[in-house]
Structure formats: C-alpha cells, structure tokens
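The values are calculated or read from the model by the stated rules, or taken from the named source; none is laboratory data. Computed from a prediction, not measured in an experiment: that's the story for all the values here. Every residue, glycine among them, receives a Cβ derived from its backbone with ideal geometry; neighbour counts consider all protein chains shown.
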Amino acid sequence: MLTVEHVDKSFPVAHGPGAMLRSLTGQKIPRRQVLFDVNLRVGQGELFGLLGPNGAGKSTLLKLLATLTIADSGRMTIDGIDVQRDPLAAKRRIGLCTSDERSFYFRLSARQNMEFFGALMGLSGKYLRKRIDECIELVDLREYLDQRFGGYSSGMRVRLAVARALLADPAILFLDEPTRAVDPVHAEELRALVRRNLVNGAGKTVILATNLLDEAWELCDRVAVVNHGRIVALGPPKELDVDLGAVLRYRVTLDDVDDDLLTRTRTVPGFRDLRIVRTERGVDLHVEMEARDGSLGALMRAVSWNGSTLRDFRPVEAEPVDVFKKVTLHDDGDR
Amino acid sequence: MTAIADRPVASGLAKLGAIFRRDALVAISYPGNFALSWLAIFVEVVVAWYIAQLIPASPKFGETGAAVSYFQFLAVNSAFVRFQSAALNSFADSIRDAQLTGTLEIVLATPTQLPTLVLSSALWSFTYTSMQTALYLGVAVLFGLNLGHVNLLTAFVFLILTVCAVSPLGVLAAALSMVIKKTGPVEWISTASAQLFGGVYLPLKSLPVALQFLGWLLPITHALNGFRAAVAGVPLSGVAYDAIWLVIASLVLMPFSLWVFAKSVGKARVDGTLSMY
C-alpha cells in the first residue's frame, strides 16, 4: 500500500553561489510550486498510471516517493513506512527506473553495472548473480550482458534500467516513462512484462509515469491525470471514459458556416463546447453537449436551418486524448 | 532478498568492495591515461632531482640536525603530498562524476548509508595513491633518496593518520561540489596553499611566522613532518606531537565534514538539484 497525503512541493527558481549568498544573508529565494495538495492511495498489486504532459509534476512525485527529494508539506507512506522519516526502510521496498537513460557507468559492462548496483541494494554472491540472470532474461538482454554500457542503444539502456529496478525484487516499482526511447516491439514486450509478469504474476505494485495516453489507458488499473502539479482526474480509464461519455459529441460537416449558425449552435440546450475545423470538403463542427432531452433535435435544427448544406452528422466516441485534453485544458482554463 | 542485507556490517563491507571495484574498473578502462599517470612519476622524480642539484644540503631539510640533501627533503614531501591531492579531488570528483553520468540519484535511491557512500568513494583513490607513492619513492631511490633508515611503524601510523586527517577536507570539498557544482578553484587554492605553507617545497621554519602559523593549521604539514621523520628513522615517540595533532584533527574534522556533507545532500534534495551539474 502506498499513500500520498496533502503533498506540496516547490523548488527555488535560483541556484548556485548567488542564491546561497542571498540565503545566508537572510533574503528569501523565490520558489516555484510544482505540486499542489496531491493525494493518492495505491493498493498492493495495482498498476497505477501517472499521466500528464511534460513538466506536469509526474517525475517530481516519483522522486518524492523514492526519497530523492523532500516535500514541503504532507506525508507519504510505503507499506506503512513514512518515506521522509525512515527513507532507508522505504528504499528497501522500492525499485526505481528513472527517465534518464544514462544512469549507468558507460565504461563498464552491463554485468559489472548490475553487480555494482546490486551490491548497493544489499545483494551479494550467488543470489546476486542469479537475480542478474533472471532480470536480464526478462528484458531480453542476455546476449549483450558483457558488452560495455556505452555501446548500448537508447532502447537497450532503458531495458537495462528496468532490469536494475527489478534486481532486489522490490514490492513497489516506480517506472518513469520506461518506453520513451524503446522501439515499438520492445515497448510492447515491456508493457506485457509489467502487466503479465510483475503485476499479475508477482503481485507487485507499479507506479507508471507516462505521457503516452494509450499506454496508460491500456495498461493501468487506475490513472491519475496530472497537470500543473495537480491531480485533475483520477480513476480507472474506463470510468474516466464513462464520465466523459455523459457528454455527447457530434461531428457536423457543412459546406460553410456563418455567424448566425454558430450563434444558434451555441444556444442549443446543454451546449458545452464547439470546435471548428476547416477541411477540403468544408467545415467540421465538433460539438459537445450535455445529454438532455431534445438537445440532439435542437442541434440538428440549428445546423440545418439556413442555406448551408449539411454533408454529414455523426456522433463521435470519447478517445483517451479527449479525456486528457478535457481535464488538462479545463485545468488550464481555471488558472 | 539475500541474508546479507540483514547483516549491516557484512552489507556495508560488500558495498565498500563494490564501490572500490567500480572505481578500479573505470580507472583501468582508460588504459592510456592509466599508463601515462605511472610514466609521469618518472618525469616528476627527474625534475625534482634536477632542481635539487641547484640547492646545497642543509640541516634545515632534516629532522635530526644533520645536513640533508634538498632532494631527500623534496622527494619525501612530493611523494606523500599526493595523499592530500587524492583526498581533495577524489570525493568531489566522485560526486561530480555521478552527477554527470546520471548515477547519483540511482545510487542515493539504494538503501545505502550516506557515510558509506561518501567515504568509500575515495578508497580506490587512496589505494592508487599509495601504489604511486611507493613507485615515486622507488624511482627516487635510483636518484639517491636514502630509505635505509626508515621506521616502518612511524610511516604506517602516519599513513593512516594522514588519510584520516585529510579526508575530511575532501568530504568538505564534495559537500561544496553538491551545492555549487564546480569546485576547481577551491581545490586549486587548497593544493597550492598546502604546497606553499605545508612545507612541501620549503621547510616551514624558513617562512615568516604568520605563514608558519598558517602551515601549522594544515594537516598536511604534520603529515609531512611525520613522513620525513619516518624516513630518517625517527621512532613514533619522536613525532608524537604531530601524530596527536592529526588524531585530534581527524576526530574533530571527520564527523564535522560528514555532517556538512549530509546537510548539503539534504539541501540538494530539498532544492531538487541532486542531479544538476
């Protein structure tokens, strides 16, 4: 079980000797808040996605949980252990795969790297060698194990980082954009590995930070959409779809539009949003409406009232990208 | 998990060994640089020998009142001052390398105590420096350095005390490196001041009193006093003052430097600058 309660985090906007001098002379260094009152509860054996655009705060949240940075306020626990009060005990339960594909010693072979990190994780001897073999096998790097890390491709580096995160057989895995630099075939294998072997097979808890919608939607049991440091949506992907499904979407294709037509469309009962896309065959109106009695008929009348030729009128299903845009754009609009 | 993780001492030693092995493997993975660093020792000894030919022997260069050649004085100092350079550079370099290679965060995410990480980061460096010092002395013997009277006990005790007393300076440099990211000028100033005021090139007695006091404050001054005495065959009791000075410096500076280092890591964690360089 992993919990995050009311966590805020900010970083100073200035670093280095100048900032240090200002700090020593009692001047306050401005800080930029990157996480706002984040609350999460992730159950054992759950594959939990942190989805958000770049800079949303996903990696910061993972670093807080991995004890690499310290929260301004709030509390985080891993299996009941307070991450900030007892970081060593917390670290024994986690495996971290950062999005930094370097993070290894380039002059050493993959085996030497794994032996080094394994020793720091408290493994040794036969057990360490066995774990290296098992983890390397899982990420399909066996034949490259004695090759220097510097000669690895980006995808191989990420796969080795995943193998390293698994070395100590941790109960909780933090994966920060693990498929970012991996080719499609290995990315699919990595996702299958995470879902089939680690979560379904070994019962591990996985926190997956990603900005790939399909990955989060297909893979995760629950997803938290993070934007500007806030969790703006949280739930199983299907439920987020359903939530959005309460909004009806239509694509209306016309020869042309005028202001009157747009005004009529916007005054349809339950109207929520209108997006206009000009195409070779005319104009597409992407209309969002609340599901109310009579709203569909009112929309049809609104778009076919004057001389414009109605070419097409069809409902549009919710896509993950719609959910993502919805929650993140709505959040942007609030600020 | 294997049982070793539950045995802190065994686990700590295994981590120490892993860090030593990593640094040794990285060092020898640059064979050209590795070979040249050994070759450079021959050049250093030859240069010291030529300079020494210009300066007559004097009792000021010795510990026992007898006239001693400048080469004897300079060679012993140059051989052993390497430990200060190793300390000043190795800890900070280790932190900086980890930032550059992106390994620092991963290493800090492992259940390893901070003192284990920081202190063991100089293990290879001190071992390597010991081997280079031995070679330096060996080559210097070919040029006339007299090692016929060495008191091994004094030499060994001062070797340990030197490592313990100069390491905190390196840990402090590493702490600074964690905050300001580059410490080149600090290391340069420390090395230059050690060479000038620590009595590497000139006996401390020949400097003005104020500078003698500055030199007295530096651990390397007392370390070199001890090594020169060991080479001259002086027993440990003959340099007890310097040994006690180094013991006190170690006892005060080591916990202080580790505390400062922990604070600097804490600040980097708060500011999110662990991996910045």
### Task
May I ask you to say which residue of A:Phe117, A:Phe149 is within 9 Å of another protein chain (Cβ to nearest Cβ) and in contact (Cβ under 8 Å) with a residue 24 or more places away in the chain?
A:Phe117
### Message
Which count do you get for residues in the range B:41-70 that are under 17 Å from B:Met131 (Cα atoms), aliphatic (A, V, I, L, M) and surrounded by 12 or more Cβ atoms within 10 Å (Cβ to Cβ)?
### Response
2
### Query
Just checking, which of B:Gly272, B:Gly238 is at positive phi, in contact with a Ser or Thr (Cβ under 9 Å, 6 or more places away or on another chain) and surrounded by fewer than 22 Cβ atoms within 10 Å (Cβ to Cβ)?
B:Gly272
### Task
Select from the range B:96-131 the residues that are under 15 Å from B:Val26 (Cα atoms) and β-branched (Val, Ile, Thr) and write down the one among them that is modelled with the lowest pLDDT.
B:Thr101
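Quick one: which strands (runs of 3 or more DSSP E) sit completely within the range A:6-102 and have at least 2 residues that are within 21 Å of the chain's Cα centre (by Cα) and within 13 Å of chain B (Cβ to nearest Cβ)?
By residue number, A:31-42, A:94-97.
Identify all residues within the range B:30-82 that are in contact with a strand residue (DSSP E or B) (Cβ under 8 Å, 6 or more places away or on another chain) and polar (S, T, N, Q); write none if there are none.
Going residue by residue through the range B:30-82, those that are in contact with a strand residue (DSSP E or B) (Cβ under 8 Å, 6 or more places away or on another chain) are B:57-59, B:61-62, B:67-68, B:70.
Correct list: B:Ser58 only.
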### Query
How about the range B:1-97: which helices (runs of 4 or more DSSP H) wholly inside it have at least 3 residues that are within 14 Å of another protein chain (Cβ to nearest Cβ)?
B:8-28, B:31-52
### Query
What do you reckon, is B:Gly266 part of a helix (DSSP H, G or I) and more than 20 Å from the chain's Cα centre (by Cα)?
yes
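For A:Glu101, state whether it is in contact (Cβ under 8 Å) with a residue 40 or more places away in the chain, in the same structural domain as A:Ala168 (by TED's automatic domain parsing) and among the acidic types (Asp, Glu).
Criteria met by A:Glu101.
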